[in-house]
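Working notes, beginning with the structure itself.
The values are calculated or read from the model by the stated rules, or taken from the named source; none is laboratory data. Please read all numbers here as calculations on a predicted model, not as lab measurements. All Cβ positions, even for glycine, are placed from backbone atoms using ideal geometry, and neighbour counts span all protein chains on display.
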Amino acid sequence: MTSLPHVLIVSSAEPARSAKAARLRDRRFIVSEAESIDAAADFVQSVTPDVILTSEILRDGDCSSLLRLFARDLPVSVIAPGGDAEARCRALELGADDVLAWPMDWRELSLRLTKSVSRWRGREDRMLRAGDLRLDPLTRTAFNADMAGVRLTGAEFEALRLLMRNPGRHLPKGQIYRAAVGGAYNADSRAVDLLMSKTRRKLRALEGPGGRSQNLPRIVAARGAGYCLQQGGGPSAPKPGKTGDSGPPAVSKGRGV
């Protein structure tokens, strides 16, 4: 790791928060503190930490609200009671990068925070690229060149990853189905068409003002030959209102890493 990791500790229990901060500073972390979700949001507006370490319960809510705010753009490690498996599973389902059963050895805490930072700092190297389109396998998010992103479902992610690994090639629907869903493909099914429609709708949300991006590839259908990912300037995706389209989804502003 090329620089000291910066951890933001979010906890409403001031004595415990200060003790964790002191221990982590001793282990060569840069540490900042926030006593609430609102305070953490204000802090991140001006300074972006490498990792957030949060208690499960906070003064103005629980970790679920904090995860909804930050888990897309930052690794969030949640401290949960050691015996509460339900709380740990819930935090992971909401996007926590790690869940720490407390109490925990300080060395283990330091190592797990360092691992979280390393995973996210290496995210850029792991991203698939096609023109201005980037696909993050860690969060199953598609980004444009400005790092505005849309979250994909598991099937959408696997289908898009297959197309991005085979740019310009028309892939048969059966191959896309097996990669995205698994199992036997029924040639009479419209499952792949519906999946491609939903994925194209999300990618259109990344095109920016005017609905165009010079270097953002598009998913293009070929009669009898499945689908391919074609570089910018190709045929447009179907307009909203066709094959389950209902307009572009909201786009979140991601953080470059």
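Leu67 passes all but one of (1) within 18 Å of the chain's Cα centre (by Cα); (2) at positive phi; which number fails?
The single condition Leu67 does not satisfy is (2).
Would you pick out the residues in region 34-65 that are modelled with pLDDT of 90 or more and under 17 Å from Leu92 (Cα atoms)?
Result: Val51, Ile52, Leu53, Thr54.
Which condition does Ser46 not pass, out of (1) of a type in the set (S, T, N, Q); (2) touching a helix residue (DSSP H, G or I) at 6+ places or on another chain (Cβ under 8 Å); (3) exposed (fewer than 14 other Cβ atoms within 10 Å of the Cβ), if it passes all the others?
For Ser46, the exception is condition (2).
Name the pairs: first residue in region 81-106 and in the same structural domain as Asp62 (by TED's automatic domain parsing), second residue polar (S, T, N, Q), Cβ to Cβ under 7 Å, at least 6 apart or on different chains?
As it stands, the answer is Leu94/Ser64; Ala96/Ser77; Asp97/Ser77; Asp97/Ser116; Asp98/Ser77; Asp98/Ser116; Leu100/Ser77, since those pairs meet every condition given.
Quick one: Leu216 ticks every box in (1) under 20 Å from the mean Cα position of the chain (by Cα); (2) in a helix (DSSP H, G or I); (3) touching a residue at least 24 places away in the same chain (Cβ under 8 Å) except a single one, so which number is it?
(2)
Just to be sure, is Asn186 in the same structural domain as Leu135 (by TED's automatic domain parsing) and closer than 21 Å to Gln231 by Cα?
Numbers: in the same structural domain as Leu135 (by TED's automatic domain parsing): yes; closer than 21 Å to Gln231 by Cα: no.
Here the answer is no, as Asn186 does not meet what is asked.
Can you go through Leu194, Leu111 and tell me which one is closer than 30 Å to Leu24 by Cβ, surrounded by fewer than 19 Cβ atoms within 10 Å (Cβ to Cβ) and among the aliphatic types (A, V, I, L, M)? Give the steps one after another, and end with the answer.
Details: Leu194 fails: closer than 30 Å to Leu24 by Cβ.
Criteria check complete, one pass: Leu111.
With the checklist (1) of a type in the set (Asp, Glu); (2) touching a Ser or Thr at 6+ places or on another chain (Cβ under 8 Å); (3) closer than 27 Å to Phe143 by Cα in hand, flag the one item Glu93 doesn't pass.
(2)
Kindly provide the set of residues from region 122-150 that are out of contact with any Pro (no Cβ under 9 Å at 6 or more places or on another chain), of a type in the set (Lys, Arg) and surrounded by fewer than 21 Cβ atoms within 10 Å (Cβ to Cβ), ordered by number.
Arg129, Arg140
Among the candidates Ala16, Ala91, single out the residue that is surrounded by 13 or more Cβ atoms within 10 Å (Cβ to Cβ) and within 22 Å of Val150 (Cα to Cα). Give the steps one after another, and end with the answer.
Values: Ala16 fails: within 22 Å of Val150 (Cα to Cα).
After ruling out the rest, the residue left standing is Ala91.
Looking only at residues in region 155-181 that are within 18 Å of the chain's Cα centre (by Cα) and over 17 Å from Ser197 (Cβ atoms), which one is surrounded by the most Cβ atoms within 10 Å (Cβ to Cβ)?
Among residues in region 155-181 that are within 18 Å of the chain's Cα centre (by Cα) and over 17 Å from Ser197 (Cβ atoms), the one surrounded by the most Cβ atoms within 10 Å (Cβ to Cβ) is Met164.
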